[in-house]
Amino acid sequence: MVDKQKQTAQEQVVVKRPLTLSGTVTSDAMDKTIVVRVENKFKHPVVGKIVSTFKKYKVHDEHEQATKGDLVEIFECRPLSATKYMMLKQVIKHHQSN
């Protein structure tokens, strides 16, 4: 009976998938850290217009491969500092500088 209770308790553990977002690099001035702007567009519930909002994330970039203007994909991880809890997954598109 005890084994069945342990078994059901282990089966109820839900695996949380990390939050994955994509956005544009706005700053790469810090060491191993980039600032990524993630835009969110949604329809306003009352007015009915498309509203655009954004949030900036400090992202850990271990190999410093992203530069300003790049389109990147980031994911949630354990807290790395007081404000940094995201890591760089991949650079989707490099910015073309003239």
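Would you mind checking which residues have amide H under 5 Å from TYR85's amide H? H placed 1.01 Å from N; only 5 or more apart, or other chain.
LYS58, LEU80
Read through the labelled values (1) 15.9; (2) 16.3; (3) 13.5 and report the label of the one computed as Kirkwood radius over Cα pairs in Å from the structure.
(1)
Calculate how steeply helix 2-11 sits against the longest principal axis of the alpha-carbon atoms of the chain, using the helix alpha-carbon long axis, and give the answer as 0 to 90 degrees to the nearest 10.
Taking the Cα atoms of the chain, the angle to 2-11 is about 20 degrees.
None of the figures in this text is laboratory data; all of them are computed from the coordinates on show. From a predicted model like this one, the values you see are computed outputs, not experimental measurements.
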